Amino acid sequence: SAISKNSLKSSLLQLECHFTWSLLKQHVDLDELEETIGNQIEFLIKSNITNYNLLSYVCHLKNSNEDALRNLQKAEEEVKKNHPDEIARRSLVTWGNYAWIYYHMGRYEEAQTYISKVENSCKALSTTAQWKIQLPEIYAEQGWSFLKFGRIYYERAKKSFENALEREPNNPEFNTGYAIAMYRLEDYFHRQYEDESLSLKPLKRAVELNPKDTFIMALLALKLQDLKQADEGERYIEEAMKKTPDLPYLLRYAAKFYRRKGEVDKALEILKKALAVTPKSSFLHHQIGLCHRAKLLTLKKTTRYPPQEQVEELLRLSIFHFKTAIDQKTKFFSAHIDLANMYALGKRYEEAEETFQKALQINILFDDDKQQLYYNYGNFQRFHMKSESEAIRAYVKGLKIERESYIKNSCRDALKKLLEQRIQRGLGGAIDFGTLGLVHNLNGEKHEAIECYEKALALYPDNEEYLSALCELRLSI
């Protein structure tokens, strides 16, 4: 009997698998993700069912369904090996992915077979015969996939692991996933989490439940370092290095720990060791670039006339590694900013400008990323290109983004200082007074704002923008 495409579609949408979790390919660099998953399969000692399922989805997104099927076979082998007594329960996501891939290949009979497998298993596993079965390991698998797809999904990852933990609070793997999600959320959004220690408890619990997992120990160490408890952090790093001296996932975080501690040469040594194992890692190249940059800044601070060839060499090395990082991971935002700033230091202004523009094109930027970009670009225009008007324009763009953040305050402070300097030097035109009015207004300093707008209007009598701002301010007082 010919199975119709439409009757399949509604069943497919009921499945819990990567195809129904709305993981969008425009949010990741697929080649880089494929590389990462491959490395994790090779080096991390944990069940790889999750990795093979995700890899099959990535292969599908890269239009190679044959490879996708091969990875699903590998996922099935992992299930047989690790969970011989729970094959159906552990295969629901894999079978869901099979159904979708066969559907996309136009092999509808096979798609239907897998839909039926899932349906029958759910009935067998569940007292209420329904489709969507709330299994903790499915929530966890969803959580791991969200973590891999990047910052846009971290909040969802945290929710998935919370759902898994509600059902199995002592599961070591679920606790690890939850701790990583919390750590990353804090790491990225620490400017708005007033309390930076929300992830401390989950990290400690994960370390307790996973004494062999040195990766999570390293994250705990970095968190302790953030919280000014570096000595305790270092004990964890040292213990982890004893347990798995060659694991690239531990080495990269150990290196970050030592770089932030100021032991840059030690960090570089560790990074080179890790790079020998995973030579394409964008994370490692970025960290190596940061080490060379740190050495350059120290040299400039501590030496009155730093030897030119040494400066050149450190510049060259940091540029090389930042560039390698973004070639490898095209949406790596902070590496773009670091590279642009390095070009500027090296007086390679065209390349700096080009890199800033490339960063602006990344389609997954958050508001604080954009603020960061405008702040850095403003500094570039002000200090390197000596263009105060371009600098002002950039800072204003950063300021106008609603989101409150630490970097927004930096835009505000830089802008205020620059405008006040211009006005003191007698260069203040209507735009300078008008913009300073805006800064005061955003700061809630209404009287100062009114004064500035009045001066702007004295210089540019009919400006609509200044007039309306002034009216609003006067009405609000």
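The values are calculated or read from the model by the stated rules, or taken from the named source; none is laboratory data. No experiment lies behind these values; they were computed from the predicted model shown. We place every Cβ from the backbone using ideal geometry, glycine too, and count neighbours over all the protein chains shown. Please note that ligands, DNA and RNA were not included when accessible areas were found on the heavy atoms of the full protein model with its side chains. Shrake-Rupley method; radii C 1.70, N 1.55, O 1.52, S 1.80 Å.
Worth a mention:
- Shape summary: the stretch 261-311 maps onto an equivalent ellipsoid whose semi-axes, from the alpha-carbon gyration tensor, are 25, 11, 8 Å in decreasing order.
- The peptide list 110-120, 419-429, put in order of mean Cβ contacts within 10 Å with the highest first, becomes 110-120, 419-429.
- Pairwise centroid distance, computed over Cα atoms, of the stretch 229-250 with the stretch 317-386, Å: 32
- Protection proxy ranking of 440-451, 302-313, 236-247, 213-224, by the mean of other Cβ atoms within 10 Å over each peptide's residues and highest first, is 213-224, 236-247, 440-451, 302-313.
- The share of alpha-carbon pairs in the stretch 5-133 lying farther apart than 22 Å comes to 35%.
- Angle between the chain longest axis and helix 430-442 axis [Cα atoms, degrees, rounded to 10]: 50
- Residue-averaged 222 nm ellipticity for the chain, from DSSP H runs of 4+ at -39500 (n - 2.57), nearest 500: -24000 deg cm²/dmol
- Expressed as a whole percent, the accessible area of the stretch 326-378 that falls on carbon and sulfur atoms is 44 (1.4 Å probe).
- Accessible area of the stretch 428-476 belonging to carbon and sulfur atoms, whole % at 1.4 Å probe: 55
- Per-selection Rg to Rh, the stretch 205-308 - Cα, Kirkwood hydrodynamic radius: 1.03
- Relative contact order [Cα under 8 Å, 6+ residues apart], the stretch 1-132, whole percent: 29
- In the context of the full set of protein chains, residues of the chain present 49 Å² of accessible surface per residue (probe radius 1.4 Å, heavy atoms only).
- Sorted on the mean count of surrounding Cβ atoms within 10 Å across their residues, most packed first, peptides 91-102, 269-280 read 91-102, 269-280.
- Kirkwood Rh, angstrom, the stretch 428-476 [1 / mean 1/r, Cα pairs]: 10.1
- Two-site FRET efficiency, residue 22 against residue 212, from Cβ-Cβ distance with R₀ of 25 Å, rounded to 0.05: 0.15
- Estimated FRET transfer efficiency when R0 is 41 angstrom, pair residue 232-residue 62 (beta carbons, to 0.05): 0.40
- Normalised by the number of residues in the chain, the average gap of Cα pairs under 8 Å and 6 or more apart makes the relative contact order 7 percent.
- Over the chain, the hull volume per residue, using the convex hull of the C-alpha atoms, is 201 Å³.
- q = 0.11, 0.15, 0.16, 0.19 Å⁻¹: log10 I(q)/I(0) that the Debye formula gives for the stretch 318-477, counting C-alpha atoms only: -0.50, -0.82, -0.89, -1.11
- The HN-Hα couplings worked out from phi for the stretch 314-331 by the Karplus form 6.51 cos²θ - 1.76 cosθ + 1.60 (θ = phi - 60°) are 5, 4, 4, 5, 5, 4, 4, 6, 4, 5, 4, 4, 7, 5, 6, 9, 5, 9 Hz, whole numbers, x standing for Gly and Pro.
- The distance linking the stretch 53-70 with the stretch 425-473 is 57 Å (Cα centroid to Cα centroid, whole angstrom).
- Folded to 0 to 90 degrees: helix 5-14 orientation relative to the chain principal axis, Cα: 70
- Per-residue HN-Hα couplings for the stretch 19-36 [Karplus 6.51, -1.76, 1.60; θ = phi - 60°; Hz; x = Gly/Pro]: 6, 10, 9, 6, 9, 9, 5, 5, 8, 9, 9, 4, 5, 5, 5, 4, 4, 4
- Straightening the chain between residue 159 and residue 330 buys 58.8 nm, computed as 0.36 nm per residue apart minus the Cα-Cα spacing.
- Surface composition of the stretch 5-133: carbon and sulfur atoms hold 46% of the protein heavy-atom accessible area at a 1.4 Å probe.
- For the stretch 384-425, fraction of C-alpha pairs farther apart than 16 Å, in %: 35
- Rounded to whole numbers, the Karplus 3J(HN,Hα) couplings from phi for the stretch 161-174 are 5, 4, 4, 5, 5, 4, 8, 9, x, 9, 5, x, 5, 5 Hz, using 6.51 cos²θ - 1.76 cosθ + 1.60 with θ = phi - 60°, and x at Gly and Pro.
- Angle between the chain longest axis and helix 108-125 axis [Cα atoms, degrees, rounded to 10]: 80
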